[in-house]
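**Q** Take this structure, written in structure tokens, and hold onto it; I'll ask about it next.
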Amino acid sequence: MEYIYFEGKLVPENEAKISIKTNSFHYGTAVFEGIRAYYDHEKDKMYGLFFKEHYQRLFQNMKVLNMKIDESIDQLVDITKELIRKNNIKNDIYIRPIVYFCDLKISPKLIGYNAKIAIYTYPLGDYIDINQGVKAVVSSWKRLNDNMIPPRLKVAGAYVNSAFSKTEAILAGADEAIVLNEKGFVSEGSAENIFIVRNEKLITPPVSDDILEGITRWAVIQIAKDLGYKVEERHIARTELYVADEVFFCGTGAQVSPVVEIDHRSVGDGKPGKITKEIQNVYFKAVKGKIEKYKNWIIEI
Ligand code: PMP
């Protein structure tokens with residue numbers, strides 16, 4: 001039986017139910033996180049990745065949506081560890097905390113309601129391919145902007161935009177979408193940040209280009225700099241994708257995923273790039289606690 005953190009305690013899954021009248025379900029006003037924990041077979045241990053950072057981002061999101069819950073960030077970290085232990089998990093998982101307005105009331109607003117948090121886990125290997133490389137298409141759907149539904153927030157309603165672009169990409173025979181913002185610059189994938197490599201320099205859109213401020217994006221920047229690469233945060237024009245030496249996606253789910261084709265044009269020589277693979281290699285070691293310098297990214301469960 002699987003346990004879920006719901007209304008202040010760990011309960012069996014069949015007891016973690018919300019009403020059809022729940023306010024956030026109607027208006028998409030829930031904020032959530034996607035966190036990973038990895039299982040190390042050799043040590044027979046689970047390692048949680050960036051637990052605190054994800055809950056800090058969740059609290060920033062809650063602040064913008066005017067939500068308050070009873071639990072603190074440190075308590076949520078402990079609850080998540082307890083949840084994993086209680087479920088006796090020994091494989092790579094995704095953890096989904098979600099904060100929602102629980103009132104059974106009609107009206108889309110951010111005041112006068114009560115918020116609650118639920119946390120559950122599910123097994124997750126690779127969300128998208130990390131070995132052969134993925135095919136991407138530039139989406140005809142534009143990214144939301146900060147004055148509509150801020151992409152900085154992991155807010156449920158914003159993922160309608162992701163769903164449009166991801167679906168379009170799949171129907172076009174690709175694996176992922178690359179979404180441009182209203183100004184026409186590259187923002188990100190449907191659920192991952194993007195980097196391009198040109199002349200051994202990494203380039204990624206700035207946080208003001210309608211992206212989610214990805215935690216993996218931050219980690220990749222650290223790794224790249226530590227490997228001695230220059231990293232530039234600036235606008236990326238669409239055709240730079242076509243002429244880039246390498247392109248990759250990154251995210252908690254996506255991890256580090258090479259892009260080998262964009263809009264039917266091969267990226268570089270059509271194989272995962274050298275620098276992408278170098279970063280990927282360090283990333284996968286780091287998330288399993290094998291690199292001393294990055295040990296503070298993970299916690300033992
Ligand atoms: N952009 C979007 C739209 C996402 O949903 C995600 C996944 N959370 C990311 C980027 C990557 O963010 P992170 O590295 O924090 O998982």
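**Q** So the check is Cβ under 6 Å with 6+ separation or different chains; which pairs have a first residue in region 175-192 that's modelled with pLDDT of 95 or more and open to solvent by less than 10 Å² (accessible area, probe 1.4 Å) and a second one that's more than 11 Å from the ligand (Cβ to nearest atom) and charged (D, E, K, R)?
**A** Asn181/Asp209; Ser187/Asp209; Gly189/Glu176
**Q** Which condition breaks for Lys21 when tested against (1) within 16 Å of the ligand (Cβ to nearest atom); (2) over 12 Å from Ile119 (Cβ atoms)?
**A** Here Lys21 clears every test but (1).
**Q** For the condition more than 21 Å from Ile130 (Cα to Cα) and within 16 Å of the ligand (Cβ to nearest atom), what is the one hit in Glu233, Glu240, Glu192?
**A** Among Glu233, Glu240, Glu192, only Glu233 is more than 21 Å from Ile130 (Cα to Cα) and within 16 Å of the ligand (Cβ to nearest atom).
**Q** With respect to the numbered conditions (1) open to solvent by 80 Å² or more (accessible area, probe 1.4 Å); (2) in contact (Cβ under 8 Å) with a residue 24 or more places away in the chain; (3) within 28 Å of Ala191 (Cβ to Cβ), which one is the sole condition not fulfilled by Tyr38?
**A** Here Tyr38 clears every test but (1).
**Q** In region 53-76, which residues are away from the ligand (no atom under 13 Å from the Cβ), open to solvent by 20 Å² or more (accessible area, probe 1.4 Å) and not in a loop (DSSP other than H, G, I, E, B)?
**A** Phe59, Lys63, Val64, Ile73, Asp74, Gln75
**Q** Still on this model: Looking at (1) modelled with pLDDT of 95 or more; (2) assigned to a loop (DSSP other than H, G, I, E, B); (3) farther than 23 Å from Ile149 by Cα, which is the only condition Lys109 fails?
**A** The single condition Lys109 does not satisfy is (3).
**Q** Could you tell me which residue of region 257-285 is farthest from Ala224 (Cα to Cα), considering only residues that are open to solvent by 50 Å² or more (accessible area, probe 1.4 Å) and in contact with a Pro (Cβ under 9 Å, 6 or more places away or on another chain)?
**A** If we take residues in region 257-285 being open to solvent by 50 Å² or more (accessible area, probe 1.4 Å) and in contact with a Pro (Cβ under 9 Å, 6 or more places away or on another chain), then Lys271 is farthest from Ala224 (Cα to Cα).
The values are calculated or read from the model by the stated rules, or taken from the named source; none is laboratory data. Computed from a predicted model, the values in this text were never measured in an experiment. All Cβ positions, even for glycine, are placed from backbone atoms using ideal geometry, and neighbour counts span all protein chains on display. What goes into the accessible areas is simple: the full protein's heavy atoms, side chains included, and nothing from ligands, DNA or RNA. Shrake-Rupley method; radii C 1.70, N 1.55, O 1.52, S 1.80 Å.
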